[in-house]
Number of protein chains: 2
Amino acid sequence: MSTPAAESLSSDLAVYAARLVRLVRREHAPSAATRVLSILDETGPLGVTALAQADRCSQPTMTGQVNQLVDLGWVTKQPNPADARGSLVALTDSGRTELRRIRRLNAALVSERLARRTDLSPDDLATAVSVLRAVLEPSNPISTASTTSTEGSS
Amino acid sequence: MSTPAAESLSSDLAVYAARLVRLVRREHAPSAATRVLSILDETGPLGVTALAQADRCSQPTMTGQVNQLVDLGWVTKQPNPADARGSLVALTDSGRTELRRIRRLNAALVSERLARRTDLSPDDLATAVSVLRAVLEPSNPISTASTTSTEGSS
DNA sequence: AAATTTATATCGGAAACCTATGTAAGTCGA
DNA sequence: TCGACTTACATAGGTTTCCGATATAAATTT
């Protein structure tokens, strides 16, 4: 009824997201590091594997990313006191500063371009973010989710 | 009060877009080829440099992408009859089929996840797409328009 | 305590980019 | 018409970002 082109729209969301990522990357920030920093900012310290799942990349990839970020001084990697196998990756002040810098640039880029469109309100931006967030919601299978039954507790 | 967190939202748009791209890539489609195919589908045949600008990548990168797509049989590259320096890259039927396949997968992924959210309507999805499209609008500087070359003599 | 699972690291390699630079074809001014 | 740009594209060489396969060590299970 009101949504004859719903499938087309669903696909467009992914296509345009890809173009936005290229725009941002080219403009000011490599996306891989930013994704990791923002995940840590949202969730607090995580192990490497949990980070990889949150970013939907492989564990070796995340190991490499974390090492880079450690070298840059944006995160620390400490042994997890509760589990000697694991580590805990946490943002440093410097990392938080960097994340703030990227966010400012992101915001400038997006808001500047949106401002030229009088037909789109700030509420529409909020809606767009909600939609993206919904699609990414962790309640959806983060791929490789083998823990089917265990849920809810702790 | 209408937009206290506007800056935050603007930045989130980019961050979540990056995560969506990773989700899609991991799920079913490498994004680089998809971007090129969808640009050609929207604009019709283009030269390599024009394609690079539309995709906001460097010209050598696009040369490589196009070569790959030619090998896959998804596009053709023919000499431009109007300009012997240039070529014209065009979708093949096979390329259109592939694009349709990817779009179906994109759509399934997005709509399936959105469907679980009763608080988000199809209209909201349309709004999200509009916002992304607005940010990407070509009326905005497509970067690399660098031929200002104000350097040079006198 | 052996077998299994879990958390990371390492290795080797592929994909997707980039900058710098070369070449050939158009354009333009004197 | 001839040089001087400019434009379109290719190639070379390198970086970033990612992957699967595999090793190791700690926790867990049987």
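Things to note:
- Among (1) more than 14 Å from chain B (Cβ to nearest Cβ); (2) under 28 Å from B:Glu137 (Cα atoms); (3) among the basic types (Lys, Arg) - the single one A:Lys77 does not satisfy: (2)
- Top-ranked residue in the stretch B:38-53 [being under 21 Å from A:Ala17 (Cβ atoms) and exposed (fewer than 15 other Cβ atoms within 10 Å of the Cβ); ranked as farthest from the chain's Cα centre (by Cα)]: B:Thr43
- Test: residue in the stretch A:6-16 that is within 11 Å of chain B (Cβ to nearest Cβ), under 21 Å from B:Glu27 (Cα atoms), in contact (Cβ under 8 Å) with a residue 24 or more places away in the chain and more than 15 Å from DNA strand C (Cβ to nearest atom): yes
- Residue that is nearest to DNA strand C (Cβ to nearest atom), among those in the stretch B:17-31 that are more than 7 Å from chain A (Cβ to nearest Cβ) and assigned to a helix (DSSP H, G or I): B:Arg25
- Taking the criterion of being surrounded by fewer than 19 Cβ atoms within 10 Å (Cβ to Cβ) and part of a helix (DSSP H, G or I), the residues of the stretch B:54-68 that qualify are B:Gln59, B:Pro60, B:Thr61, B:Thr63, B:Gly64, B:Asn67, B:Gln68.
- Extreme residue, nearest to DNA strand D (Cβ to nearest atom), among residues of the stretch B:32-57 that are facing chain A (nearest Cβ under 9 Å) and of a type outside the set (A, V, I, L, M, F, W, C): B:Asp55
- Total residues in the stretch A:69-123, condition within 24 Å of A:Val21 (Cβ to Cβ), assigned to a strand (DSSP E or B) and of a type in the set (Lys, Arg): 0
- Pair list, Cβ under 6 Å, 6 or more apart: the stretch B:40-58 residue of a type in the set (Ser, Thr, Tyr), other residue within 8 Å of DNA strand D (Cβ to nearest atom) and at pLDDT 95 or above: B:Thr49/B:Gln59
- Of B:Glu7, B:Glu27, all but one fail to be closer than 20 Å to A:Tyr16 by Cβ and of a type in the set (D, E, K, R); the exception is B:Glu27.
- Scan of the stretch B:97-126 for residues that are more than 7 Å from every other protein chain (Cβ to nearest Cβ), crowded, with 19+ Cβ neighbours inside 10 Å and of a type in the set (D, E, K, R), ordered by number: B:Glu98
The values are calculated or read from the model by the stated rules, or taken from the named source; none is laboratory data. Keep in mind the model is a prediction, meaning the values are calculated, not measured. Glycine also receives a Cβ, built like all others from the backbone with ideal geometry; neighbour counts cover every protein chain displayed.
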